[in-house]
Each structure stands twice: as C-alpha cells, then as structure tokens.
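Asks: My questions all concern the structure below.
Taken together, the values in this text are just the output of simple stated rules run on the coordinates, not laboratory data. Because the structure is predicted, anything quoted here is derived from the model rather than measured. Cβ coordinates were reconstructed from backbone atoms using ideal geometry, including for glycine residues, and neighbour counts include every protein chain displayed.
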Amino acid sequence: MSIAIVGAGAIGGQLGVKLAHAGEQVTFIARGANLAAIKADGMRLIDEDGTAYHARDVRATSSMKEAGVHEVVMLTVKAHQVGPIAEDLRHMIGPDTVVLPLQNGIPWWYFARGHGGPFAGTQLETADPGGLIARNLDPAQVIGTVVYPAAILTEPGTVKVVEGQRYGLGEIDGTRSERVLKLAERLTRAGFKAPVFEDIRAEIWLKLWGNLSFNPVSALTHATLVDICQFPDTRALAQAMMEEAQAIANTLGIAFRVGIDRRIAGAEKVGAHKTSMLQDVEAGRAIELEALVGSVIELGRLTGTPTPHIDTVYALMRLLARSLETRNGRLAIQSA
C-alpha cells in the first residue's frame, strides 16, 4: 500500500517508520532539517519499550506534486497547518485515495456526511478558516481518526514514543466499510492498535475532552499532565472545562462512554508529559489553539451553551500566543 505521510514530526514519524517496517511504501512530506535527515539516512523511532526501528527504504520530499498520487494520505501536521496546504494536497489524491486527517480538536468535516440534525452541513470557521479545506478535500474520501499516542521529535529524523500505540478509525457516515477495515488491518500488522468505531465523533470528543483542558492549562502553567491532575486547583479547573464541553457534546447527540474522573485519571497515568501546546510554547511555534479550544467555544455559541471557564482560559492563551508571535519569542521555565 502506498502511504504518504504529510508532516514527519512525532506522530507522522511513528506511523511512517512502523508502516515502512511492516512493508508498506511510505513517502514522507517534510521540510528543513527533518527532510535532510530523512533523505540522508531514513527515519528512526525509539518505541515506548525501548525497541529501535530504522526505516531506511522510505521516500522523502517537500513537493506533493513530486510525490504523486497515493492510496492513503495521512495528514499529520497541526490543525492550523492543513488549510494553507489544502490545494497542494490534491496532487496526491486520486479518485480512490483515502485521506486520514490526524489532527486534534473538532475536524473541518464534523457536520458533513451522516451528521444530520439542524446543524448538518454547518462549516466551523475555527476548524476551517475561510473554507480552504472544504474547497479542496472531499469528505467522502475521509476516514475519521483519533490520535492517542504521545511522542516527541528528539532531533531531525528521530522520534521517541512516550506512550501509546492506538489510533481509532471510523467512517464519518458510521458504516464499517471495506476500506476502513483494510486500513485497520494494515495498522494492526504494523504493530498498532486500530479499533474501528461506528461513532467516530464520540471518540473525537473523548480525546478533545482532555486536549481542550490540559493543553492550554499546561501551556499557561508550564506543568506536565501529572502535575495538573494532582494539583487540586488545576484539576478542578480542568474538570469545570470538561463539564462545559460535555454539555455541548450532549446537545449535539454525543454520549461519552467514560466519566470525567476516569478521563482525568487516564491523563494522570501518562505521567510527566508535556502537552503538544506546551512544547509549542517552549519552541516558539504557532499554537494549535482554535481547533482545540476555539472550536468548542464556537460550538457552544452555536448550541446556546455557556462556556465561562473555557472562555477564560482561551482568552489567556490567545494573549500569550499573540505576545509570543509579536515578539517572535518562546517561553520556558529554566533552573535558576
């Protein structure tokens, strides 16, 4: 199976290396030092149990046109990076290509295919500013995906997995199609857990439950997941934000299969892990705020659901993001 990995970062690296190791034809779309490292010596992965993988027989390019059409295109860039590359993605997408958006947060296709109800067809500006993605990608080619692993790019061309091998899949119209089952089989063969869900939107909300609370709180406090969960005040704040999100999701017909306490306990179990948003603040990268937090606020306005705690944290993060961008800076706590 020919698989294009758009974005050879932590998640893209984990997927690409293990899929290539299992015999799939993998092409990385990368840039800068990462691209140079992969071209020179392939991509390396250190799994959570210490197992080392080295995928030498992979293609790497910065040009989607050069990469050409693939059977599967995995989008492993951040949510705010999809729109700007949406038009170029069409170079890799044929009539039978399957597209896997692996972004956190509410996806651009949320109200497409099979959602129904009064909001069917609604376009969320926070998920797809200006409708760039929707104009270039067909929801009929999309398989919904939930990313559970935590990983870091330790250096160009090398990824270390902190925790997790699970990627949830689901057709956005709720069917158990041949293509989703085939993809799940290929991921399983590569060493991943790839459950297929009939209601992928509910799984997206379950993951988002943690992202919308732990990520911005982590970025604001420079605390790890275990610190946030064990400090009473931030644990209470995360719970309040989750309760507001749950009210929105329930209004949209989503039922959570686990409770808030269990979801917080799951985050605590990950341990001293820095969220992706905190990593971005420390590295001076653009912050994935709208998809993780802004989209929930937009859905709150759409459904008439108040979100006071989420609004407050969002305002603080927007100001921090603007300050870092204006000053072209980064922010990290260093030992005195």
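Asks: Can you tell me the equivalent ellipsoid semi-axes for the chain? Use √(5λ) from the Cα gyration tensor, largest first, whole Å.
Replies: One finds semi-axes of 29, 25, 19 Å for the chain.
Asks: Of all alpha-carbon pairs in region 1-66, indicate the percentage at a distance above 16 angstrom.
Replies: Of all Cα-Cα distances in region 1-66, 36 percent exceed 16 Å.
Asks: Under 10 Å, Cα contacts only: if you run a Gaussian network model on the chain, which one of 12, 191, 144 comes out with the highest mean-square fluctuation?
Replies: Looking only at 12, 191, 144, the largest GNM fluctuation is found for 191.
Asks: Can you list, bin by bin at 5 Å, the percent of alpha carbon pairs in region 122-177, starting at 0?
Replies: 4, 14, 14, 16, 16, 17, 16, 3, 0
Asks: How high is the FRET efficiency between residue 220 and residue 262 when r is their beta carbon distance and R₀ equals 25 Å, given to the nearest 0.05?
Replies: 0.55
Asks: How big is the Kirkwood radius of region 86-191, worked out from every pair of different alpha carbons and given in Å to one decimal?
Replies: Averaging 1/r across every pair of different Cα atoms and inverting gives 15.6 Å.
Asks: Still on this structure, please answer the following. Taking every pair of alpha-carbon atoms in region 277-335, give the share separated by more than 18 Å as a whole percent.
Replies: 40 percent
Asks: Could you state the per residue volume, in Å³, of the convex hull enclosing the Cα atoms of region 86-140?
Replies: Value for region 86-140: 89 Å³ per residue.
Asks: Give the Debye-formula value of log10 I(q)/I(0) at each listed q (0.14, 0.15 Å⁻¹), with one equal scatterer per alpha carbon of region 1-140, two decimals each.
Replies: -0.66, -0.75
Asks: Pull out the extension gain between residue 54 and residue 69, defined as 0.36 nm times the separation in residues minus the alpha carbon to alpha carbon distance; nm, one decimal.
Replies: 2.9 nm is the gain from fully extending residue 54 to residue 69.
Asks: Let me ask something else. In terms of the Cα gyration tensor, with a ≥ b ≥ c the square roots of its eigenvalues, is region 201-324 rounded because a/c is under 1.5, prolate because a/b exceeds b/c, or oblate?
Replies: oblate
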